[in-house]
Amino acid sequence: MTSRLLTILTAAGLLFSASALQATDIRIKVKNKSLGSKTTGDTRKSQRQLKIEIDNRDREAYEGVTVEWIIIARDLRNRKLSIAGSDSKEIDIPANDDMEVNSGPYSISRTEGKIEQIDNNRNRPDLPQYKVDPDSGTRYAGYIVVIKKDGEVLAEAATAGMKKRIAALTKKKSK
């Protein structure tokens, strides 16, 4: 029994060490940087950009690597997700070094809602009635960043749970 357990543990160790040799040690840190905003009437339009920091802790340099990003926005009225921007860039990642890649700028706009008093309440004249027009537009919801080389994913980072939520949108886009 103990020799069988030892054989299983040895086989598992060999499998783990073989997969560990092929694994990359690239870490991604993403910041959502504001480039400024402009207010026109009730509408505020914000220009933003993702600042992607890539930390290659691997001893191997990677040339011809593609960095892909998707920026996700949420509609303020119906809370549905949409893609605010997406793009890719080809870069070279040096060994044991870190670098920074900036996404293209993307815009998110928001219109402030209005609250106005309408006729008095017939049943309770001391309590006025209001008409509420809610906020509309989009707000930043998250990101997905993937680093690929020859179709193989080397590293990826995403806002928590965003890959599952946005899967339907990315499938529609790729068709």
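The values are calculated or read from the model by the stated rules, or taken from the named source; none is laboratory data. These numbers come from a predicted model, not from an experiment. Glycine gets a Cβ as well: all are built from the backbone with ideal geometry, and neighbour counts include every protein chain shown.
Here are a few things to note about the model shown:
- Hits in segment 133-151 (condition: farther than 13 Å from Glu68 by Cα, part of a strand (DSSP E or B), out of contact with any Ser or Thr (no Cβ under 6 Å at 6 or more places or on another chain) and in contact (Cβ under 8 Å) with a residue 40 or more places away in the chain): Thr138, Arg139, Tyr140, Ala141
- The C-beta contact set for segment 46-63 (first residue more than 30 Å from Arg110 (Cα to Cα), second residue among the aromatic types (Phe, Trp, Tyr) and outside any strand (DSSP E or B), distance under 7 angstrom, 6+ apart or interchain) is empty.
- Only strands (runs of 3 or more DSSP E) whose full extent lies in segment 51-112 are considered here, and the ones with at least 3 residues that are within 24 Å of Thr39 (Cα to Cα) are 62-75, 81-93, 106-111.
- Filter pass, Ile108 being under 30 Å from Gly41 (Cβ atoms), at pLDDT 80 or above, among the β-branched types (Val, Ile, Thr) and touching a strand residue (DSSP E or B) at 6+ places or on another chain (Cβ under 7 Å): yes
- Filtering segment 68-100 to residues that are over 25 Å from Thr138 (Cα atoms) and under 18 Å from the mean Cα position of the chain (by Cα) leaves Lys89, Glu100.
- Among the candidates Glu112, Glu53, the residue that is surrounded by 13 or more Cβ atoms within 10 Å (Cβ to Cβ) and more than 30 Å from Ala167 (Cβ to Cβ) is uniquely Glu112.
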